[in-house]
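The values are calculated or read from the model by the stated rules, or taken from the named source; none is laboratory data. Note that the structure is predicted; figures quoted are calculated from it, not measured. Quick reminder, even Gly has a Cβ in these numbers, built from the backbone with ideal geometry, and neighbours come from all protein chains shown.
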Amino acid sequence: MCKQCELNPVYEFTNKRKLCKNCFVNYFLKKLLYTIRKFKMIQTGGIIGYKKINTLKGVVLEDLLLFLKRKSGIELVKLPNKKANKIASDSSIDSESNEIVNLIIEKNSLDLKKELPVEKNVIKPLYLFLDEEILLYAKIKNLKFKEEKVKKNKIANFIQEFEKKHPEVKRAVVNSLLELYK
C-alpha cells in the first residue's frame, strides 16, 4: 500500500517505500523542482527553448516545461524558430550514466564536463530521473509518445544488468561526476 494514502502502489523505491499514482506524480514534480533549484537551471523571466519531439522523454520534457511555465512564469519557445537563453535537453540519469562510463572507458575525461546538468546554455531538467520513472509518469498522465528503438552498446547493456543486481548504480555514477565538479 501507498505509504501516504493507503491506495494501491504503482511505484516502489529501492528502500521498499511505495507510492500510488497521485503520490508518484507529486513526487515526480517535487523532484523536478528540486533539480531546477539545486542546479540553478532557470531564472525568473528566462526563455527556455526545446525541440518538440514525440519520443517518451520528449513529451515528458514538454509536459514538465509547461508545468514550469505555469508555476514560475518562464517563457517557452519551440526550437529552431525562436531564440532562447537556455535550451532544455531530455537527458535522463540512464543516458547520462551510460555516457559518463563510455567517456571514462574511452579516456575522454576532458569531455565529462558536458555531462553536467547545466553546461553553458543547455539545461537537463530530467537529469535525476530514471527512464523507468519517466515512463511511469507518461503512462499516468496519458501522454502520447512514439516508441523508439534505442541501440545499446555493450557498456549500456552492462550498466543495465548491473543496475538490476545493484540498484542505484546509475545514480552513483552521476553523483560521482557531480562530486568531481563540485
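May I ask you to list the residues in segment 137-160 that are among the charged types (D, E, K, R), surrounded by 11 or more Cβ atoms within 10 Å (Cβ to Cβ) and at pLDDT 90 or above?
Across segment 137-160, the qualifying residues are Lys139, Lys141.
If you take the residues of segment 48-67 that are surrounded by 14 or more Cβ atoms within 10 Å (Cβ to Cβ) and aliphatic (A, V, I, L, M), which of them is modelled with the lowest pLDDT?
Within segment 48-67, the match that is modelled with the lowest pLDDT is Ile53.
Does Ile105 satisfy being in contact with a helix residue (DSSP H, G or I) (Cβ under 8 Å, 6 or more places away or on another chain), surrounded by fewer than 11 Cβ atoms within 10 Å (Cβ to Cβ) and at pLDDT below 90?
yes
Taking only segment 1-38 into account, find how many residues are free of Cβ contacts under 8 Å to residues at least 12 places away in the same chain, over 16 Å from Tyr127 (Cβ atoms) and either in contact with a Gly (Cβ under 6 Å, 6 or more places away or on another chain) or of a type in the set (Lys, Arg) (or both).
1
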